[in-house]
Structure formats: C-alpha cells, structure tokens
Amino acid sequence: MIAEIGINHNGDIKLAKKMIEAACVAGADVVKFQKRTPDMCVPEEQKNTLRSTPWGVLSYINCKKRLEFNRAEYDIIDKFCDGYDIRWTASAWDIPSVQFLLDYDIPFLKIPSACTNDCALLWEAANSGIPVYLSTGMTSSDELDTAMNILGSSVSTILHCVSGYPTPVDQSNLNKLLTLHSMYPDCRLGYSGHEIAWLPTLIARSLGAEVIERHFTIDNTLWGTDQFLSLEPVEFARLKVMLDSIPEMLGNGKLEIQESELSAINKLRRKI
C-alpha cells in the first residue's frame, strides 16, 4: 500500500518528515513523492499564470519551484525512511528526474499518468534497471500500447487510474482492471485512486488490484491542491485493515461446506 505524499509537504522538509512518520504508523509499505524539473514539466502557456500561495502571489512556475525538493531534502528523506524502516520512491516527470532518483535505492520508479505519452521518458525508465509502475489515467488504448511496448519487461505493475480530482464515483470505471489484466496478463494490477470515497478502492482490490496507492496527508485543511482528497492517517489505517481482509473474504471459490455451517447442518437439516 503506497502513501502518496506527492507535494502535500508544500516544500517543507519538516512537514514531509511528519507525513512519513504518520504513514509508517498508519501501515503504509511505501511513501511516494513527485520529482520534476519545473522548467521542463510546466506547460509554457501556464508558466506565468498567477497563483495565490502561502508565500504570496506567485507565477505557476515559481510556485512549482517552491514546492520542489532537491538533493539536500531527498538525502534527509532517504535517511529518515531508513530510521523508520519504510521504503520511499517518487513519480518521475522528466528524464533528469529519472537520473536523479537512480542515485537512491528506490524499490520502483513510477511513471505518472500525465507522462504516459512521453516516449523519451519511457525509454529512460525502461533502461533504468529498476521495476516500473505505470499509471494509466488520461491514456487511450493506443497510447497505452505504445507505452507498454517501449517499457517492455521493465513494467512490473500497471495501475488503473482516473485523473479526475476528485474522481466522481460514477466515472471510476473499475472494470478497466479486468481489461488491463486481459491485455497485459503478465503485469501485476494496481489501483491509484483519486476519489474521496473508500468504496471504489475496496472494489478495485476485490477485482484484483494488488497494489493500492492513495494520496496521504496529516491534515486535509493544509494548503495544496491534493490535500482535500488525501487520506488522513486514521483513514489510511482503517482502509488498510479493510483492504487486507478482502482476499480472506473472497476465499477460494470452491463449492464446499464451510466450518461455520456444520452446526447449522446438525440443527436444520433432516436426515433423508
């Protein structure tokens, strides 16, 4: 289960450490951040758009730069996660970010939905030598085929995702998990949820998603575009308990009498 801190840390390493600690206590297996080179990733037409921020009114490009962690912060994150025995990784939004992340012992590299059409980035990720997780929001069937052909065997997990913030429940399209499994049977299934409700995530697990990613924060009222749809620690922990119980509830599917039924047989069935 991945706790997607993303940029909810608001560029504050102290806040990031609090989030890592809370995610660890809540039962996350991995905490994930987002790594980008803002000058490359922010669309040209949006760079000078003005945004109201805790640091005053900034252009969008300067806001993104203000939120970005660099070497000093990730060195701290790396050491801090070691101390809490939890792994960390990040979504890579551009080639320099892939190269940056490879300096660390990360368990996998995440390609975000916004970048599934970036062939150069995909080639870089495919040649990184570490497992790739691929999100599929905003991605057509043809785009996904192209991405999967480039990534090849480097893809260990393909995640169903709808890039609506938040995702309306009636647009969850959870049966896409079954389609992904039929298209790419050798890949493990995952689900990256942007909904506020819990039910779609639970259904995704019952449909075969083995990897679950949800946005994570310590306080939904903090400033930031993803805070309001992120799970707070208690919510994350409760969701994890429910998710962990689903495989046991699904059972083996065999037509057989359950142990709990034995007393009912003795009480309710007459011998014929």
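Working from label points 7 Å from Cα in the Cα-to-Cβ sense, the S153 to K79 distance is 3.9 nm. Histogrammed with a bin width of 10 Å, the alpha carbon distances of the range 57-101 distribute as 23, 45, 27, 6 percent, first bin at zero.
Once the C-beta distance of Q46 and T146 is scaled by a Förster radius of 25 Å, the resulting FRET efficiency is 0.50 to the nearest 0.05.
Divide by every residue of the chain the summed helix terms, -39500 (n - 2.57) for each DSSP H run of at least 4, and state the resulting mean residue ellipticity at 222 nm, rounded to the nearest 500 deg cm²/dmol.
On the way: 11 runs with 107 residues, N = 272.
Using -39500 (n - 2.57) per qualifying helix, the result is -11500 deg cm²/dmol.
For the pair R71 and E210, the difference between a 0.36 nm per residue extended length and the Cα-Cα distance amounts to 46.9 nm. Dividing the C-alpha radius of gyration of the chain by 2.2 N^0.38 Å, with N its residue count, gives 1.13.
Derived scalar couplings between HN and Hα for the range 148-157 equal 5, 5, 6, 6, x, 6, 5, 6, 9, 9 Hz in order, rounded to whole Hz, by the Karplus curve 6.51 cos²θ - 1.76 cosθ + 1.60 (θ = phi - 60°), x for Gly and Pro.
Identify the GluC sites (Glu not before Pro) of the range 229-258 meeting these criteria: DSSP loop state and at most 14 other C-beta atoms within 10 Å of the C-beta. Walk me through the numbers before you get to the answer.
Values: sites: E235, E248, E256; in loops: E256.
Sparse-neighbourhood loop GluC sites (Glu not before Pro): E256.
Contact order normalised by length for the chain, with contacts defined as Cα pairs under 8 Å and 6 or more residues apart; what percent is it?
On the way: 449 pairs, mean separation 46.7, N = 272.
Relative contact order comes out at 17 percent.
Residues whose amide H lies under 5 Å from that of L159, counting only those 5 or more places away or on a different chain, are L134, S135, T136, G190; hydrogens are built 1.01 Å from N in the peptide plane. Once the chain from K267 to E248 is taken as fully extended at 0.36 nm per residue, the excess over their C-alpha distance is 4.2 nm.
GNM on the chain, alpha-carbon springs under 10 angstrom: the most fluctuating residue among A197, A16, A72 is A72. With distances taken between every two different alpha-carbon atoms, the range 159-203 has a Kirkwood hydrodynamic radius of 10.9 Å. The length gained by stretching the chain between L102 and Y165 to full extension, at 0.36 nm per residue less their Cα-Cα distance, is 19.7 nm. Straight-line reach from K14: which lysines fall under 23 Å, measuring Cα to Cα and dropping same-chain residues less than 8 apart? Of all the lysines, those that pass the test against K14 - Cα under 23 Å, at least 8 places apart if same chain - are K32, K35, K64, K65, K79.
Label zone of W198 (point 7 Å out along Cα→Cβ, amide N under 14 Å): in the range 207-249 this covers 231-246. Shape index of the range 63-135: Rg/Rh, with Rg the Cα radius of gyration and Rh the Kirkwood radius from the inverse mean 1/r over Cα pairs, equals 0.97.
Taken together, the values in this text are just the output of simple stated rules run on the coordinates, not laboratory data. For clarity, every value in this text was computed on a predicted model and none was experimentally measured. Counting neighbours? That spans all protein chains shown, and the Cβs are built from the backbone with ideal geometry, glycine included.
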